[in-house]
Structure formats: structure tokens, C-alpha cells
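Every read-out reported here was derived from the displayed coordinates using simple, explicitly stated rules and does not represent laboratory data. Given the structure is predicted, the values throughout are model-derived calculations rather than measurements. We place every Cβ from the backbone using ideal geometry, glycine too, and count neighbours over all the protein chains shown.
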Amino acid sequence: MTSATGAPDPTPHLIPAQHLDPAQHLREQRAALQSRLGALAEDMGSFFEASRDSNADDEHDPEGQTIAFERAQLAAVTDQVRRHLQEIDAALERIADDTYGRCEVCRLPIPRERLEVRPTARTCVQHADAAASGNVT
Ligand SMILES: [Zn+2]
């Protein structure tokens, strides 16, 4: 995101990571995600009721197909939110262990900018791919 004026960001990024209070940020995010999960569960419940009422043949009823598609979307989003919650829980554990903000691969501090964008980051940018593909030992 560059500003329209083209002026460089005058704010130096010198604030140490511990001044971010990531724990508070993560707990707020956690609460938001949990209420989101509750709303998603309600949506899912109404979808199940809708499909039970119509008892539609998904193959031939276009509406049934739409419902099936939307239900799949909803399930995918629910999965995503659950995974995100797990990541946040893991990040909170790392804060408790005092290992938060360090790359799991090279053990170097993760840049503050990255933690701001992704407070649940377990690795530096350089090792993000390795962690994503499960190559962390
Ligand atoms: Zn690293």
C-alpha cells in the first residue's frame, strides 16, 4: 500500500516487538473469530434445514445445486476460521513460552512489520514456505 502522494513513510519502525502487546491483539482477534464461528454455525444450521425441507435432488434442481455450493463455501470458511483460531492459540502459547516472534527455522526475530500483518507468523518471510510445506524440523 503506497500513499497517493508518493511521500515515504516518515515513521521509523524502531518500536521493539514487545511494545506491540501481541497477546492483547491476539485475544481480541480470538474473540472476534469465535463469534464469527458461532454465526457460521448458525448459517450452517439453517442450510441443513433448508435442504431437509426441500429434499431436493442436487443433480437436477438448480436451487439444490446452489445450496450445495453455498454449503461447501460455508464449510470452507468455517474450516479457515477454525484453523486461524488454532494458529492464534498456538501464538498465545508461544507468548507464554517466551518463544513468540522468533522464526521456528532460523531462530532469528521475526520483523515487526511481518508480525503486524500476521501476528500468528511462526517464521520469518524467508522460511515461510518451508513452514507451510511442513518442512520445519
Ligand atoms: Zn527464519
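The stretch between Ala72 and Gln24 holds 14.0 nm of extra length on full extension. This uses 0.36 nm per residue minus the Cα-Cα distance. Label-to-label distance for Arg118 and Asp61 is 4.2 nm, based on points extended 7 Å past Cα in the beta-carbon direction. Close amide H pairs (under 5 Å, H built 1.01 Å from N) link Thr123 with Glu104, residues at least 5 positions away or on another chain.
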